Amino acid sequence: PPRDTFGPLATQVAMGRQGSGKGASGRRIFLCFWLSVLFAALGVAGLWLWFGSGIAKGKKVHGTAGFTLGEVLGLAGGFYACPLAVVLYLTTSGLFLTKPCTSHCLKVSLLSLNLLIFIGLAAFGAFLAKDVLRCALIFCAADSVVTMNGYYGSLGLALLLPTSVLSLSSLVTLVRTLSNPMRKEAEDEEQDCWASEDDEMSSEGSNSTSSASQSDANLKHGGRRARSWRRLARRRERCRKFAGLMLAVVVLPLLLLLTAMLPNSFQKFEPHALARNMADSVPTAEFPDAWMVTWKVKLSDEVILKFFPDTLIFYGFLEGLALVAVASSLCPKLQRQWGRDLVWGYTVGEGLTLGAFAAMLVLWLTYWLHDHNFHSGTHPGLNTLTERVARTFGLTASLFLALALLPASKKSLWLSALGISWERGLWVHRALGFASIVCMAMHVLTFWIRYAQLGTLAHDACIVPPFYQKGLSSAAKYDNFTISVAMLVGFPSLLFFGVFAPFVRHMRWELFKYTHYMFLVLIPMVLMHGQNAWYFMIGGVAFWLVDIGIRQSSASSFVRILSAKAHHVEGGVTELRLSAASVEFGQFAWINVPAVSTLEWHPFSIASAPQDGPVRLCIKSMGTGTWTQRLLELVEERGRDIAVQFDGPYGLPPAFLSHDALLLLAGGIGITGVLSSFRALALAAESATSPGASGLGRLKFVQLVWSVRSRALLDLAAASLRECVDAAAAREPETGVQFSVKAFVTGDEGDLGELFDGVAVSRGRPSWDGIYGKLCDASGKDPSILVQACGPVSFVESSETATSKYNSKRRQIVFESKAFRF
């Protein structure tokens, strides 16, 4: 997990920290609520000011821009304040719902209020867009009454979409809360108190094994889950096929059809303009010598579908990915071939995807630079070389931003279809986001060159309204207000994402995360400023809204801390046992502890197996003043009397069924990233009576290698590892699967002793040659070995280098790093 960032003073200032008592949590909720009210009022006031402008009313006086600096500042202020108000209100709601002292009646009341608020906002959005909704966007008649403009319809649709998702999320949370009455929660609380006390008694003396009764309980609780792993794997494959087919057959064709029917400009979202656009054949979208031209399909005199080359290029690329995902799910052999290493650490599938992306980008640039006739040739100045390059940079920024939105959702059809988890595709989001920012910067710079050619650079570079296209000799100002808003939003975005983010992402993670919320302002601005940006971004925005609705419902559910312990090893480790549960092993979750920080969420690996029931987290302190250190101090002070929010679990289990051996490598606290897998497989082996009943597939060896700096850290999981090895060894004759543990200490002097009976602790670093060599020899002829590593960067890199050394055509070793960085 990323290091925490804020020191004590900075955190108190930025997060409003008032101490660790219960009163401080209440003050934070109170502060967040009133801040959300304040920003909502500012946002509404700003939008009200803008809609009073001449251009918004459709009463622009000839020779003027139709808006003043104050009015466009009001619009930009609404863009900034409204998303911030929603974020703060949702934070307030989540904090209140997860407070242990919040009664069931208050929870139901708050959720009902949330539902009414979001339904009311959705109804208001529907009212603003009533004219276009009345004809369902695509059935508007050409003789419709010409309304003022499409601003109200666009604003209404933009408000209706997110509030509908939040309304549904609030309804689901309300129904879930009503199905768990207060009396049942109290009974569960009492049972959990006894369970946590038993846990604390049985865990005294960490070098001893767990009690036999607890082990039997684990087996009884988790045996059915272990035997159902094959069913879970088959269900994942079915979900993958379904997601791929939905994307290829339903979602992508539907989005492409909408782009062929609806206008690219938000100003045309009024009935008369919609009908006129649908019947327009757009004869001058490209130059006469264009290589790519618009494909027009005439269904009737009133309906002409226009498939523009840019939309065909974009959705054709996505359609190809969806079809490849479907083919991979239908043909496992093809999937294994695409998973083989190619060059520079990339797989065959990743190489083919990058090749397809490069081809798409070449076609995209060719169309905009060579083929497209901007504004249908009505303004010759728009088609100068400088202007075309500047506009192409802006359109390419929209393309990259639209693609960057797809891997941003933690749960979506794309992740299911491609068979990857969110954290494994995050590098794509970072790369595309960086490319988008670069193109935005070049869009600005090349337009400044264009302003210099027009002689308006000194004015138009930073003053609104601009003279652009009018020239300094004209008294008139340019009436495209979206340029002014783009300046007010785009320049801070370039600062946060382009200059600030790369330097603080690893050193100041939380600061990076909070500034990253600037995308809530940037996306609406791009949709408004870019004439056709919604053609490409609507899918990613919809996926993200659905994902955020699911996560909001999950994070608002009450999760109890069943036990909390502070271990003073290697700077301190906090162990939490939560009432949440995981179905798969090898996952992680995000948690928020309001008593430590109101807004900070941190990801941690789940160290327990699904058979264990409640989720266990082991959180290492990262030093004085960090979030993890304050959590450790809070647990020492208050024990388990702490409120917590839980978002997850996320991630996919290792695909071990098709491998002969599984090698789990852990460095330091990285044991939490692989312990869940080791425990789950060992307990599954113990519950089996035959090799086929274990659910372990072809596995013959499961080995865990753990390297630590301090001998004391080994005691944190010694009892758990001993239980696993003993449990699996008892069934080894029936299952044929051998489990083993190797432990290494690099720092301490003196006698290291044994981890547990029969497992010695070695001094020094692991010898990868010895570990890989012995495992390859024991795995038989032409083995297939899966390696997962979690720990410090140097530890993971050295183990990956050893994997490459032993990998060959006859011996396939698949390496996966669980030490991802956000």
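The values are calculated or read from the model by the stated rules, or taken from the named source; none is laboratory data. Note that the structure is predicted; figures quoted are calculated from it, not measured. Positions of Cβ are generated from backbone atoms using ideal geometry, with glycine treated the same way; all protein chains shown enter the neighbour counts. Note: accessible area is taken over every heavy atom of the protein model, side chains too, but ligands, DNA and RNA are not part of it. Shrake-Rupley method; radii C 1.70, N 1.55, O 1.52, S 1.80 Å.
Can you spot a residue in region 292-300 that is under 36 Å from the mean Cα position of the chain (by Cα) and at pLDDT below 85?
no
Out of region 132-163, which residues are open to solvent by 50 Å² or more (accessible area, probe 1.4 Å) and either in a helix (DSSP H, G or I) or modelled with pLDDT of 75 or more (or both)?
133, 134, 152, 155, 158, 161
In region 49-70, how many are open to solvent by 60 Å² or more (accessible area, probe 1.4 Å), assigned to a loop (DSSP other than H, G, I, E, B) and at pLDDT 70 or above?
Residues flagged as open to solvent by 60 Å² or more (accessible area, probe 1.4 Å), assigned to a loop (DSSP other than H, G, I, E, B) and at pLDDT 70 or above within region 49-70 amount to 1.
What number of residues within region 304-339 satisfy the criterion of being modelled with pLDDT under 85 and in a helix (DSSP H, G or I)?
10
Anything in region 736-758 that is within 24 Å of residue 803 (Cβ to Cβ) and among the aliphatic types (A, V, I, L, M)? List them, or say none.
Passing the criteria: 737, 741, 743, 745.
Pairs under 8 Å by beta carbon, first residue under 20 Å from residue 94 (Cα atoms) in region 632-652, partner among the acidic types (Asp, Glu) and open to solvent by 10 Å² or more (accessible area, probe 1.4 Å), six or more apart or different chains?
As it stands, the answer is 649/584; 650/423, since those pairs meet every condition given.
Name the residues in region 349-386 that are of a type in the set (D, E, K, R) and either at pLDDT below 85 or under 25 Å from residue 323 (Cα atoms) (or both), would you?
Passing the criteria: only 350.
Give me the pairs: first residue in region 260-279 and more than 17 Å from residue 130 (Cα to Cα) and at pLDDT below 80, second residue part of a loop (DSSP other than H, G, I, E, B) and open to solvent by less than 20 Å² (accessible area, probe 1.4 Å), beta-carbon distance under 6 Å, and six or more apart or on different chains, which are they?
277/263
Could you list all residues from region 578-587 that are open to solvent by 10 Å² or more (accessible area, probe 1.4 Å) and either farther than 17 Å from residue 562 by Cβ or in contact with a helix residue (DSSP H, G or I) (Cβ under 7 Å, 6 or more places away or on another chain) (or both)?
Passing the criteria: 579, 583, 584, 587.
Give me the pairs, please: first residue somewhere in region 231-254 and more than 26 Å from residue 696 (Cα to Cα), second residue anywhere and open to solvent by 90 Å² or more (accessible area, probe 1.4 Å), beta-carbon distance under 7 Å, and either six or more positions apart or on two chains.
Listed by first residue and then by second, the contacts come to 248/323.
Out of all the residues in region 71-86, is one or more at pLDDT below 75 and more than 21 Å from residue 559 (Cα to Cα)?
no
How many residues does region 256-276 contain that are in contact with a Leu (Cβ under 7 Å, 6 or more places away or on another chain) and not in a loop (DSSP other than H, G, I, E, B)?
Matching residues across region 256-276 total 4.
Please work out which residue is farthest from residue 153 (Cα to Cα), limiting yourself to region 250-268 and to residues that are of a type in the set (Val, Ile, Thr) and within 25 Å of the chain's Cα centre (by Cα).
250
Any residue at all in region 392-399 that is at pLDDT below 85, over 15 Å from residue 543 (Cβ atoms) and open to solvent by 20 Å² or more (accessible area, probe 1.4 Å)?
No, every residue in region 392-399 fails to be at pLDDT below 85, over 15 Å from residue 543 (Cβ atoms) and open to solvent by 20 Å² or more (accessible area, probe 1.4 Å).
Pairs needed: first member in region 565-586, part of a strand (DSSP E or B); second member anywhere, of a type in the set (Phe, Trp, Tyr); C-beta distance under 6 Å; at least 6 residues apart or different chains.
Here the result reads 580/646, each pair linking region 565-586 to a residue that is of a type in the set (Phe, Trp, Tyr).
Restricting the search to region 399-420, which residues are of a type in the set (Ser, Thr, Tyr) and under 20 Å from residue 513 (Cα atoms)?
Of everything in region 399-420, just one residue is of a type in the set (Ser, Thr, Tyr) and under 20 Å from residue 513 (Cα atoms), namely 409.
State all residues of region 259-308 that are farther than 23 Å from residue 150 by Cβ and either aliphatic (A, V, I, L, M) or crowded, with 19+ Cβ neighbours inside 10 Å (or both); if no residue qualifies, say none.
The answer is 286, 290, 292, 293, 297, 299.
Looking only at helices (runs of 4 or more DSSP H) that fall completely inside region 491-559, which ones have 3 or more residues that are of a type in the set (Val, Ile, Thr) and open to solvent by less than 50 Å² (accessible area, probe 1.4 Å)?
519-529
Would you pick out the residues in region 756-770 that are among the small types (Gly, Ala, Ser) and under 38 Å from the mean Cα position of the chain (by Cα)?
Residue satisfying the conditions is 767 alone.
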